[in-house]
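What follows draws every value from the coordinates through simple rules; no lab data is involved. Remember, it's a predicted structure, so these values are computed and weren't measured experimentally. Quick reminder, even Gly has a Cβ in these numbers, built from the backbone with ideal geometry, and neighbours come from all protein chains shown.
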Amino acid sequence: MTESSITGLLESDCKTRLRLSVNGTERTVEVEPRRTLADALRDDCGLTGTHLGCEHGVCGACTVLIDGNPVRSCLMFAVQAADVDIRTVEGMASPDGTLNPLQESFMRHHGLQCGFCTPGFLLLSEAVLAARPDIDDAELREALSSNLCRCTGYQGIIDAVRAVRDAV
Amino acid sequence: MNWVGRSLRRVEDPALLRGQGRFVDDFPHRATARFVRSPLASGVIEDVRGEAFTVADLDADGVSEIVCELRRPDFVKVPQPLLARGRVRYVGEPVAVVVGSTPEEAEDLAEQVELDIRPTQPVVDLDSALAPDAPLLHPEATGGNVVVEGSFATPGLAEALASAHLVVDMEITSRRQCAMPLEGRGSVASTNPADDRTTLYASVQSPHMVRTGICDALGLPEVDLRVVAPDVGGGFGQKLPLAREDAVMVWLSRRLGTSVAWVEDRAENLSAAWHSREQRYRVKGGFDDEGRMLALEADILCNTGAWSCYPITWGVEPLMALGELPGPYRLGEYGVRSRGVCTNTCPTSPYRGVSRPVLTLAVERLMDSAAGRLGLDPAEIRHRNLPEEFPHRSPMGYYLDEGSYRQSLTAALAEMDMEDFRRRQADARSKGGRLPGLGISTFAERTGYGTPAFAARGMSVTVGYENVALAMDPSGYLTLRIGASPHGQGLHTALTQIVAEEVGVHPQRVRIISGDTDNTPYGWGSFASRSAVLAGGAAQIAARELARKIAALAAEEMEAAPEDILLDSGMATVAGTSQGRSIDELARIAHHQPQRMPKGLGPGLRTEAGYDPAGTFSNACHVAEVEVDPHTGGVQLKRFVVVEDAGRLINPMIVDGQIRGGVTQGIANALLEEVIYDPDGNILTTSLMDFLPPTAAEIPDIAIIHLETVTDSSITGAKGLGEGGAIGAPAAVINAVNDAIAHLGAEVNEMPATPERVRAAIRSAAAAIGDRADAAGAVERSEAA
């Protein structure tokens with residue numbers, strides 16, 4: 001293998017230019033058609049809070065909101081995400097860094113340990129509570145079983161979301 | 001102000017919650033590497049065609065193998081090349097590496113590499129590897145595929161077993177596990193041409209050890225490699241050993257003069273990161289007529305996979321099983337043979353609890369089985385065998401410090417309300433339908449052990465101690481640098497509490513620096529339930545010494561005796577007076593008016609400390625309540641209670657999180673997760689649709705009760721507990737499943753107890769007792785219900 005071979009197998013002419021609306025900000029990116037939304041957010045927009053845990057749609061670490069609905073960004077192409085409203089974990093806290101009530105509740109109820117699954121769970125939880133503010137405990141557990149956490153045993157996550165539901 | 005013992009919120013959380021965590025994949029790099037992995041379990045490499053680096057390139061650069069050993073005659077030492085040389089030994093073994101400008105391009109390049117491998121007969125499971133005519137994996141293992149074999153026996157074993165009132169003989173099987181942290185392994189290496197130093201950002205649990213291992217292989221002085229473990233998305237042991245891939249990344253970066261990233265995908269993680277705990281135990285317990293265990297004999301086999309792991313070695317599972325099988329139980333006679341057997345499967349490494357989840361299952365199944373045959377309650381037989389006097393000496397000579405073995409059992413059963421459960425169970429059995437079962441697990445968790453314990457293993461790289469460096473800056477804030485390397489445990493928070501309490505400042509004034517070989521003292525990392533005990537102990541020693549210096553300065557300034565100085569809430573005061581100086585002011589003096597420091601103390605305020613204890617045993621009792629569907633074999637967890645004694649709790653919230661996370665992995669081991677190979681060594685579980693980690697739907701709320709036994713074996717009074725949840729849960733769950741189906745004559749001694757296995761046990765029980773109507777009738781009744 002030579003050093004020259006590490007650059008430029010693919011020329012930029014097979015890239016597509018598109019506009020993404022992320023957390024209310026318009027961004028223009030140039031991506032290959034095969035680039036997933038997750039990779040576009042992470043690598044082209046620099047929003048590395050969206051994490052990749054399995055890249056086959058099971059773990060949910062890459063969950064983002066598309067027009068308010070939770071979506072696995074590893075299973076969606078970036079080119080499919082033009083003209084929609086994308087929300088990532090970076091859009092949750094206030095610009096000054098103040099945590100929103102859900103983030104605050106995860107902290108209070110020890111809903112995270114290593115933090116790798118946390119952005120996905122935060123966005124999933126936000127969507128669940130927005131759609132079903134009065135969701136009961138069993139349905140909430142079922143809804144949160146969409147994503148995987150390897151550290152907490154889920155109780156802290158469930159307690160955190162429940163507390164926000166009950167405060168509303 | 002007391003900070004230790006309070007559930008302070010974690011200092012780690014805000015950044016992680018905002019998406020500002022920095023994981024390996026978040027670091028910029030110019031190129032991406034992709035490993036070309038073996039599609040065959042066993043074969044001879046005839047040719048590698050394509051634009052790829054192979055072991056020949058490593059050899060040309062003088063790169064050597066990864067070597068580690070246990071210094072004992074039965075240990076087979078096999079040096080491991082960084083890329084396969086000559087042969088492949090498991091599906092997923094790295095054969096070559098390609099580099100592209102993007103991950104997509106690297107994958108394309110990897111697909112263009114042609115591997116010409118002549119298949120040879122693999123050995124995949126324990127029995128085929130032990131067969132007399134089995135193909136040998138390594139030429140170094142001339143005696144067969146057994147790579148480590150330990151044995152031990154007390155003199156009276158045979159006689160005690162022969163004269164026992166009851167001998168229970170059973171086989172316990174644990175199918176292969178994978179720790180599966182949600183973030184896989186990965187690293188980014190970059191080399192600075194100005195000084196020829198390389199920095200490796202790596203998702204690891206032990207950056208100093210990784211640096212040593214890589215530098216030994218590459219022939220590099222350690223000063224020229226900086227290893228940084230940034231935010232690490234879980235490890236559980238899988239990120240403890242040196243990954244060959246990380247070493248290759250350092251080599252690639254230096255060879256290409258650029259920054260290169262390798263981030264494994266989930267299929268790589270499940271097939272080519274480390275596996276664990278494929279074990280089989282034949283155990284015989286000899287009991288007297290009152291249920292006291294007199295003798296325990298065991299023959300243990302552990303499938304180590306294809307290679308040893310640096311630096312813990314492939315001896316870790318079999319030798320821990322040998323040493324700790326008796327658990328906390330009082331026992332006169334003990335005999336054991338334990339072997340590690342290499343096969344054409346992914347290499348194994350420690351996974352949360354290492355062998356203890358399985359050895360605890362073995363002994364706890366013996367206890368339940370003996371209780372059943374002697375007509376004793378499962379709790380009663382444990383009471384009769386648990387120690388009351390401490391230190392309790394185990395048959396292998398471990399000393400268990402003070403614990404609450406019996407008290408934890410009593411407390412757990414009271415929480416469960418046994419009478420109520422037995423009523424509900426009888427009721428359910430008479431009605432048909434789902435079958436309730438309740439299972440107990442009592443165990444000891446050896447934690448916080450330093451050099452003495454590891455040295456006893458004869459490790460060529462002996463891990464153990466932890467070091468810290470503490471400094472107060474001129475503004476009165478503190479920085480603690482630690483050799484330990486947490487990855488989600490919340491250790492930073494716990495250490496701020498320990499330091500703040502000793503120095504008399506608010507925890508928000510303490511910063512922790514970890515996971516960076518350039519900026520922390522040499523240490524071993526976070527694994528083996530050790531960080532709170534060892535890094536916490538070292539932090540306490542350092543903080544106490546720093547407090548002593550501050551008090552001496554305060555005494556000088558206020559013309560008082562140093563022993564009369566109290567440090568609290570940011571102030572140094574003279575006891576019994578209104579005289580005081582702020583610690584900020586004293587910090588300023590120590591740095592900027594050093595002539596005012598007492599003789600021999602200045603300038604500045606800094607200390608270093610190490611801690612290297614023998615170890616301390618936590619204990620716990622787990623009780624699980626399940627429901628078994630006799631029609632499908634499905635098992636549902638209904639309740640789970642943990643009574644844990646880990647000594648003094650530094651941050652109870654963090655402790656509970658560790659317990660719940662561990663129990664969840666234990667439940668997964670018991671019921672769900674299994675790495676499966678076919679007879680040709682093809683791995684069948686390479687996605688999260690085949691390998692089944694639990695979701696919130698499978699895990700019940702876990703009730704936790706704490707007992708706090710005071711110990712002298714840890715200077716902070718804290719015992720380790722990171723692994724305990726995972727150690728105790730499988731036995732509690734499997735005992736519960738067996739309690740549910742015992743009346744059918746069925747028994748499951750294999751985990752995970754999948755629906756298929758539970759159903760098979762019920763069916764074969766029905767067939768075996770030759771009274772199909774009885775057991776099958778019970779099934780039919782439930783099916784009808």
If you rank B:L480, B:L359 by fewest surrounding Cβ atoms within 10 Å, what's the result? B:L480, B:L359
From the square roots a ≥ b ≥ c of the eigenvalues of the alpha-carbon gyration tensor of the protein assembly as shown, which class results: rounded (a/c under 1.5), prolate (a/b over b/c), or oblate? rounded
Global size of chain B as Cα Rg and Dmax, reported in angstrom: 27.6, 93
Return a whole-number percent for the relative contact order of the stretch B:593-699, with Cα pairs under 8 Å and 6 or more residues apart as the contact set. 17 percent
A correct Karplus calculation of ³J(HN,Hα) over the stretch B:532-549, with 6.51 cos²θ - 1.76 cosθ + 1.60, θ = phi - 60°, whole Hz and x for Gly and Pro, returns 5, 6, 7, 5, x, x, 5, 5, 5, 4, 5, 5, 5, 5, 5, 4, 4, 5
Would you mind ranking B:K77, B:K239, B:K431, B:K549 so that the residue whose beta carbon has the fewest other beta carbons within 10 Å leads the list? B:K431, B:K77, B:K549, B:K239
Mind running the shape call on the stretch B:207-251? Use the C-alpha gyration tensor, a ≥ b ≥ c as the square roots of the eigenvalues: rounded below 1.5 for a/c, prolate if a/b tops b/c, oblate otherwise. prolate
Charge dipole (the protein assembly as shown, unit charges on Cβ, about Cα centre) - positive-most of B:S529, B:L136, B:L58: B:S529
Taking the Cβ of B:I583 as the centre, find all other residues whose Cβ is under 14 Å away and add up their charges (Lys, Arg: +1; Asp, Glu: -1). -2
Dipole of chain B, positive end: most advanced residue of B:F443, B:L366, B:I715 [Cβ charges, Cα centre]: B:I715
C-alpha center-to-center spacing [the stretch B:18-96, the stretch A:108-168] in angstrom: 39 Å
Counted neighbours (other Cβ, 10 Å), sorted fewest up, put B:L553, B:L130, B:L400 in the order B:L130, B:L400, B:L553
Net +/- balance of residues flanking B:G610 in space, Cβ distance below 13 Å, scoring K and R +1, D and E -1: -3
Restricting to lysines and to Cα separations under 16 Å from B:K599, and discarding same-chain partners fewer than 8 apart, the set is B:K549
Calculate, in whole percent, how much of the Cα-Cα pair population of the stretch B:160-255 lies beyond 17 Å. 57 percent
Mind running the shape call on the stretch B:465-611? Use the C-alpha gyration tensor, a ≥ b ≥ c as the square roots of the eigenvalues: rounded below 1.5 for a/c, prolate if a/b tops b/c, oblate otherwise. prolate
Roughly what % antiparallel, to the nearest 5, for the DSSP beta bridges in chain B? 80 percent
Can you give the net charge of the other residues whose Cβ lies under 14 Å from the Cβ of B:T479, counting K and R as +1 and D and E as -1? +1
Whole-Hz ³J(HN,Hα) for each residue in the stretch B:654-670, computed from phi via Karplus 6.51 cos²θ - 1.76 cosθ + 1.60 with θ = phi - 60°, x for glycine and proline: what do you get? 5, 4, 4, x, 5, 5, 5, x, x, 4, 4, 5, x, 4, 4, 4, 6
With charges only on Cβ, +1 for K and R and -1 for D and E, what is the dipole size of the stretch B:347-443 about its Cα centre, in debye, rounded to 20? 520 debye
When each of B:K77/B:K719; B:K77/B:K239; B:K239/B:K719 is checked by Cα-Cα distance, pairs over 32 Å: B:K77/B:K719
Could you work out how far the C-alpha centroid of the stretch B:106-130 sits from that of the stretch B:288-337, in angstrom? 33 Å
Once you charge only the Cβ atoms, +1 for Lys and Arg and -1 for Asp and Glu, what is the size of the charge dipole of the protein assembly as shown about its Cα centre, to the nearest 20 debye? 1000 debye
Extension gain from B:N2 to B:S430, taking 0.36 nm per residue of separation minus the Cα-Cα distance: 148.6 nm
Positive dipole terminus of the stretch A:87-168, leading residue within A:L123, A:T152, A:N100 (C-beta point charges): A:T152
Of all DSSP beta bridges with both partners in the stretch B:465-611, the antiparallel percent, nearest 5, is 85 percent
What share of the DSSP beta bridges in the stretch B:398-554 is antiparallel, in percent to the nearest 5? 55 percent
For peptide B:694-706, how many partner chain Cβ atoms fall within 10 Å of a residue's Cβ, on average? 5
List residues of the stretch B:270-294, by number, whose backbone nitrogen lies under 15 Å from a label position 7 Å along Cα→C-beta of B:E171. B:279-284
Computed magnitude of the charge dipole of chain B (debye, nearest 20; Cβ of K, R +1, Cβ of D, E -1): 840 debye
Mean separation of Cα pairs under 8 Å and 6+ residues apart, divided by the residue count of chain A: what relative contact order is that in percent? 22 percent
Restricting to Cα pairs below 8 Å that are 6+ residues apart, what does the relative contact order work out to for chain B? Please round to a whole percent. 15 percent
C-alpha center-to-center spacing [the stretch B:465-498, the stretch B:683-700] in angstrom: 36 Å
Using label points projected 7 Å from each Cα along Cα→Cβ, tell me how many nm separate B:A455 and B:T120, to one decimal. 4.1 nm
Where is the GNM fluctuation largest for chain A (alpha-carbon springs, 10 angstrom cutoff): A:S145, A:S125, A:S73? A:S145
